[in-house]
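Scroll down for the structure; my scribbles are underneath it.
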Amino acid sequence: MRSGPLLLTALLTVSCGGNDAARPPASGLDATTTTADSPSTTTDVDYFRAEGSRFCVEVISGSIESQLSEKPGLLEDFRDSDIDTLIESHVQTFADKDFPDAQAKAAATAGCREGLVEYYQRLLSTTTVLAAPVEVARYSGSSDTETDDFTVSGTWRLTWEVTGGAGIGVTVRGSDGRQVDYISIDTGSSSSQFRTGCTCYLDISSFGATYDLVVTDVP
C-alpha cells in the first residue's frame, strides 16, 4: 500500500474516534422497542444497521473528499491499494465505540461495512480527474503595496510566510476597489481559504515585516 492511503487511514481513524456526537446513539436516542405482550426491551437492529452505514459513509467520505481536493492523485493510490483491508480498519475503529448491547454493535458494524463497500465502489469507478490546485500569483516584499489583479475561479487559498516586525494586514479587494475581506496576519506560516471566486487584488500593509504570499486556485 502506498503512503497516501496509509496517511489517510491514520486521519480517518482520528475522525472516527473523535466524532462521538455523530455516532449511532449508544446513549441518547432510545433505539429499542417494547411490546404489550412482553415487558422486555429489544434492540432495533434495522435502526442500528442503517445508522452504522450512514455514520461511517458520512465520516469517511468527508475526509476522503477533503484529501482529494488537496491531492487529486490520491484516487490512483486507492486503485493500487488493498481496499478491503482499508475498509476493515475503518470498521474496527467504529466497532471499538460503545453500544447498548452485542446485537446493536453487530448490526451497526455490519451496516458500517456495507456502506463503506458501496462508497468505495462508487469512488473507484469515478473516471473524472480532479484538477490540481494552481498557483495564480506570488507576492514578496517588506513594504506597503497594492498588487496587480488576479482571477480565481472558485475556492481559492492565500498562503503566507511572514517574518519580523508586527506582522501584516491584507485587504482583499475586488477589481473595482471594494473590500471583499480582511486578514490580520501574525509572523509565521499559515493559510486562509476563500469560497468565492473573483477578479481581485491584495492591498498589503506591512508593519515592519517581510512577507511571501501565494494565491492558489483550488478547483
Inset, instruction - Using the heavy atoms of the protein chains and a 1.4 angstrom probe, tell me the accessible area per residue for the range 45-158 in square angstrom. - result: 52 Å²
Legend entry - Coordinate range along principal axes, alpha carbons of the range 105-219, Å, largest first: 61, 30, 21
Legend entry - Estimated FRET transfer efficiency (Val45, Ser191; beta-carbon r; R0 45 Å; 0.05): 0.50
Legend entry - For the range 106-113, 3J(HN,Hα) per residue [Karplus equation, 6.51 cos²θ - 1.76 cosθ + 1.60, θ = phi - 60°, Hz, x = Gly/Pro]: 5, 5, 5, 5, 5, x, 4, 4
Legend entry - Potential lengthening between Gln103 and Arg79 on full extension [0.36 nm per residue; Cα-Cα distance subtracted]: 5.2 nm
Legend entry - Kirkwood Rh, angstrom, the range 59-107 [1 / mean 1/r, Cα pairs]: 12.7 Å
Legend entry - Sites Asp176 and Val214, calculated FRET efficiency, Cβ-Cβ separation with R0 30 Å, nearest 0.05: 0.80
Inset, instruction - Keeping all protein chains in position, work out how much accessible area Glu65 exposes to a 1.4 Å probe, and write it in Å² to the nearest 10. - result: 110 Å²
Inset, instruction - Would you mind putting 162-170, 187-195 in packing order, based on average other-beta-carbon counts within 10 Å, highest first? - result: 162-170, 187-195
Inset, instruction - Can you tell me the alpha carbon radius of gyration of the range 169-219 divided by the globular rule-of-thumb value 2.2 N^0.38 Å? - result: 1.17
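The values are calculated or read from the model by the stated rules, or taken from the named source; none is laboratory data. Just so you know, these numbers come straight off a predicted model, no measurement behind them. Every residue, glycine as well, gets a Cβ built from its backbone with ideal geometry; the counts of neighbours run over all protein chains shown. Accessible surface areas use protein heavy atoms only, side chains included; no ligands, DNA or RNA. Shrake-Rupley method; radii C 1.70, N 1.55, O 1.52, S 1.80 Å.
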